[in-house]
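Okay, structure first, notes after.
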């Protein structure tokens, strides 16, 4: 059967056989009777067993290889009685019919005289229903693909969203802030890629998540969407690679220092609810925010990465410019695949009056003991210190879950402590109950119970 199928599927070779064997006799062109064509006495065919037997076919001819294959692999080539091929002459319809018949005879012989054809037909009949089902599924799939292509938003842009909703119970809140509240923030990210390795992000944000947890420094990590009807462009940036070891980012809005760093190191930044679960010193200078930011990341090795960033707060104002009010950051990261992640950070800047900000030097550390992590940081700003310490457990009581507890203190002696348990309900929904303690500088301490419901879509 293998040779049979080769003969059936070799379209170009089959046509070559037709054209070649159709040159069998000029006498056939002179005869208008089909009977005469089939008369072996009027046309004596000469079977060719090697292409070298043809006197007018040379190895230098462009079709030599094709003719050789027709003879040696398929035995479907015949010449004139004088051992000529006459490949350059025109063929008649009679010659075409004769050549076709010769090759059909070869095919019948290759597939066993018709028995295998009967088997193939029987198999087709037995599996007709299955074949029809497959054809139907393919047709449906093609229709669905066509509809998606016709109605897709963009071939380069993907829409990603996040909804954070907070139910807040003040167990011991500040004066006049003792009522149960519900607040939310929604983000819609339009991520565009032109090369597959770059990303242009345009973020829309809205909600009523402002002013929450005034008794806890920093409030919610997901705060910042003031006014239920206030839809605004919150973030615009473009990140792209420069070679295999360098990447860059250009930001036009909402730029802060930790936008430039590869990692914030501490394990609480993300799963926890309170804002100070991330290192707060990144926000201390608070100069770059609504204007321009430029950063670069240099990977010396897979583990050693240098982050550099520059942000300006008034670069959109022609009377100020991008060098009037600014901050810059440098962070050297060591990111292992095992026990130790660490970083050293330097930050400095200058306000709009030309007054230099007091520089910040910080060290960050995280130790991972197989899912049990101990992490924190220490930062100094002209003798004032800020620090954090705590423990976190990944995959706690379920894959994708996380639990942790930490304590942090800012440069003004404001305190925040939190215990949380992040539960992954499904691939889109995460539920995080949390207890948050806060004591801002000069205020009474406060205690909150919070349930955050986060949807990623």
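Coordinate-derived values only; no laboratory data. This is a predicted model, so every value here is computed, not measured. Positions of Cβ are backbone-derived with ideal geometry, glycine not excepted, and every protein chain shown enters the neighbour counts.
Key figures for this structure:
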| item | result |
| --- | --- |
| Relative packing of peptides 368-374, 251-257, 97-103 - highest average C-beta neighbours within 10 Å first | 251-257, 97-103, 368-374 |
| Packing-based order for 293-300, 232-239, using average beta carbon neighbours within 10 Å, highest first | 293-300, 232-239 |
| Gained length - residue 156 relative to residue 236, 0.36 nm times residue gap less alpha-carbon distance | 27.1 nm |
| Burial ranking of peptide ranges 273-280, 339-346 (average Cβ count within 10 Å, highest at the top) | 273-280, 339-346 |
| Sites residue 407 and residue 195 - FRET efficiency at Förster radius 56 Å, r taken between beta-carbons, to 0.05 | 0.80 |
| Inter-label distance for residue 283 and residue 334, nm, one decimal - labels placed 7 Å from Cα along Cα-to-Cβ | 3.0 nm |
| Segment 370-426: C-alpha gyration tensor shape, a/c 1.5 cut-off, then a/b vs b/c | prolate |
| Residue 431 versus residue 378: modelled label distance in nm, points set 7 Å from Cα along the beta carbon direction | 4.1 nm |
